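J.: Take a look at this one; I'll ask things after.
The values are calculated or read from the model by the stated rules, or taken from the named source; none is laboratory data. Note that the structure is predicted; figures quoted are calculated from it, not measured. Ideal geometry is used to build each Cβ from the backbone, glycine not excepted, and the neighbour counts take in all protein chains shown. For accessibility, only protein heavy atoms count, side chains too; no ligands or nucleic acids. Shrake-Rupley method; radii C 1.70, N 1.55, O 1.52, S 1.80 Å.
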Amino acid sequence: MTQAIPTASFDVPASREIGRLRSDTPGPTLIAVAAIHGNERAGIEAARRVLRTLARREGLIRGELVAFAGNLAAARVNQRYIARDLNRAWAEEHVDEVMRKAPADRDAEDKEQLELLSAVEEAKARARGTVHLIDMHTTSASGIPFVLFGDTLRQRRFVCELPLTIVMGLEEQVDGVLSAFFTRRGCVTCAVEGGQHTDPTSVDNLEAALLLAAESAGIFGSGLLAETAAAHALLERRRGHLPRVMEVISRHAITPEDKFEMVPGFANLDRAHADQLLARDRNGPIRAPRAGMVILPLYQGQGSDGFFWGREVSSARLRASEAIRHLELDKFLHLLPGVERDPTHPSRFFVHTRVARLYPLDVFHMFGYRRIREGDEVLTVERQPG
C-alpha cells in the first residue's frame, strides 16, 4: 500500500519534508526541492498538488517521490535568502567547510544547507532504483517556464520528456548550484523555472513539470495517468514560439556597488537585437553584443546575476554532439596541441589557451565538456558523469 503524507495548505511547511509517497513496489526515486530561494514558494504548492494526484493513483506508483523545502528560514520571511544565496553554496569545498564549522559559527544558510543535505542523503539511502532530483524555481521577471540541466546524455533523456524550452550551459556560468552538486553524487538532475514569483500560473507550470518529471523518471508508466496529457498540453502552450533549446553564452555578474538596473519589460526568456539597451549601471548603458536571447533578467533587490546572454541551439547540433559522445571521441582530445588530460581526473582537461586558441569553447561543448575554471593561460574543462 502506498503511504501519502502531503501537507494540505499553501503555507510554508513546519518541517523540511513537504510530503512523501513510497510504494511497496521498488522503483526509482524522485526528489523534488522547492524554495531553495525563500521567495520562490510556488514549488511548495506544486509539490503538494502532485503528491495528492499520485496518492489517488496509488496502485500505479512505484518507487518513491519525496519533496523538501530548501530554505525554510528565508521562506518564512519571503526573502531570497537570509545571509547568503543557498543555491550558490554547493561546491564540495564549501560544503566541507560548513560541516567543519562549530554549530555556534554557522549562519542561517549553513544550518539550512546541512539539514537539506541530510534529508536528500537519507532519501538516496532509501532508494531502490535510480535517483532523480528536480529543483523548482520561479523568477523575478515575467515569462514562460523552462528547464536547466547539466549536459549529460542521461540528463538530456530525462528533461526531453518535458515540453519546455531547454536552457543549456548555465552551470558553466554559475558555481555552487544544488543540481550540479547532486549530479556529481550520482543523481539525474534538472532545475525548472516556473514563471514569475507571484503569478498563480507559476504553480500550475511547476505542477505540470513535476508530474511529467515523475513520469520521465519512471515513478509511473508512460501514459498511465490522464493528467499527464493535460500537463503536456499546458507546457506546450506556455512555450509558444520560443526555441526548443538555447544555450547560455555569458553571465553579467553584478555587485551592489554596480547600481545595476535592468531595463523594464524583459521576460525571463526574451529575444534582443544587436545593440539593444538591456540595462544600466554606474558605468553607463549595457547593450546587446549581437542578436540573441536575454535569460533571467534581474528585477529584484537580492542577487548577483544581472542577466545571462544566450542563443538558439539547432537540433542538428544536438544530434551531432550525441553521436560524438556515443562514439567516445573525447578520448582523442588530448592529442590536440595545447590540450592535456588531468592525470588525477580522467574527465577533465587543461587547455593551454596560447597554443589552443584555434579551438573555441564550442568544440568542447560538443563533447559535453564545460568550463569550470579559467586562468590567464589555462582553461579547465570537465564533463559531468553520465
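J.: Using the heavy atoms of the protein chains and a 1.4 angstrom probe, tell me the accessible area per residue for the chain in square angstrom. Present the calculation step by step, with values, prior to reporting the outcome.
T.: Numbers: 16690 Å² over 386 residues.
Per residue, the chain has an accessible area of 43 Å².
J.: Now for a different question. Looking at the square roots a ≥ b ≥ c of the eigenvalues of the Cα gyration tensor of segment 37-191, which shape do they give, rounded for a/c under 1.5, prolate if a/b is larger than b/c, or oblate? Could the numbers behind the result be given before it?
T.: Numbers: a/c = 1.37, a/b = 1.31, b/c = 1.04.
Note, shape of segment 37-191 comes out rounded.
J.: Then there's this: Using a Förster radius of 45 Å, what is the FRET efficiency between Glu122 and Ala320 based on their Cβ-Cβ separation? Nearest 0.05, please.
T.: Details: r = 41 Å, r/R0 = 0.91.
Computed FRET efficiency for Glu122 and Ala320: 0.65.
J.: Further, regarding this structure: Normalising by the residue count of segment 1-141, find the relative contact order in percent from Cα pairs under 8 Å and 6+ residues apart.
T.: Values: 278 pairs, mean separation 47.8, N = 141.
Relative contact order of segment 1-141: 34 percent.
J.: So between Glu328 and Gln276, what do we pick up on full extension, going 0.36 nm a residue minus the alpha carbon distance?
T.: Numbers: separation 52, 0.36 × 52 = 18.72 nm, distance 4.11 nm.
Extending this stretch completely gives an extra 14.6 nm.
J.: Here is a further query. Rounded to the nearest 20 Debye, what is the dipole magnitude of segment 167-281 about its Cα centre when Lys and Arg each give +1 and Asp and Glu each give -1 at the C-beta?
T.: Values: 10 positive and 17 negative charges, 54 e Å.
The dipole of segment 167-281 has a size of about 260 debye.
J.: Using the per-residue mean of other Cβ atoms lying within 10 Å as a proxy for protection, in what order, highest first, do the peptides 209-219, 103-113 fall? Please report the intermediate quantities before stating the final value.
T.: Values: 209-219: 24.6, 103-113: 16.3.
Packing proxy ranking, top to bottom: 209-219, 103-113.
J.: Another one. List the lysines whose Cα sits under 26 Å from the Cα of Lys111, skipping any in the same chain fewer than 8 residues away.
T.: The qualifying lysines are Lys101, Lys124.
J.: Arranged from highest to lowest average of other beta-carbon atoms within 10 Å per residue, in what order do the peptides 27-37, 309-319, 76-86 appear? Walk me through the intermediate numbers first.
T.: Working: 27-37: 25.7, 309-319: 14.7, 76-86: 17.3.
Highest-to-lowest ranking by the protection proxy: 27-37, 76-86, 309-319.
J.: Expressed as a whole percentage, what fraction of the accessible surface of the chain belongs to carbon and sulfur atoms when a 1.4 Å probe is rolled over the protein heavy atoms? Can you show the working numbers first?
T.: Working: 8740 of 16690 Å².
Here it works out to 52 percent.
J.: To continue, here is another question. How much length is gained if the chain between Arg56 and Ala229 is pulled fully straight, taking 0.36 nm per residue apart and subtracting their Cα-Cα distance, in nm to one decimal? Present the calculation step by step, with values, prior to reporting the outcome.
T.: On the way: separation 173, 0.36 × 173 = 62.28 nm, distance 1.69 nm.
Length gained between Arg56 and Ala229: 60.6 nm.
J.: Would you be so kind as to identify which of Ile44, Ala316, Thr201 lies farthest towards the positive end of the dipole of the chain, taking Lys and Arg as +1 and Asp and Glu as -1 on Cβ and the Cα centre as origin?
T.: Going by the charge dipole, the pick is Ala316.
J.: If I model a spin label at Glu161 and Arg311 as a point 7 Å from the Cα along the Cα→Cβ vector, what separation in nanometres do I get?
T.: 3.2 nm
J.: Taking 22 Å as R0, compute the FRET efficiency from the Cβ-Cβ separation of Gln79 and Asp175 and round it to 0.05. Don't skip to the answer; put the middle values down first.
T.: Working: r = 22 Å, r/R0 = 0.99.
Efficiency, rounded to the nearest 0.05: 0.50.
J.: Give the residues of segment 147-163 whose amide nitrogen is closer than 19 Å to a point set 7 Å from the Cα of Asp362 in the direction of its Cβ.
T.: Correct set: 151.
J.: Determine the calculated [θ] at 222 nm for the chain from helices alone, applying -39500 (n - 2.57) to every DSSP H run no shorter than 4 residues and normalising by the residue count; nearest 500 deg cm²/dmol. Intermediate values should be presented prior to the final figure.
T.: Values: 11 runs with 114 residues, N = 386.
Theoretical 222 nm ellipticity from helices: -9000 deg cm²/dmol.
J.: Given R₀ = 41 Å, FRET efficiency for Leu114-His345 by Cβ-Cβ distance, to 0.05?
T.: Numbers: r = 27 Å, r/R0 = 0.66.
Approximately 0.95, to the nearest 0.05.
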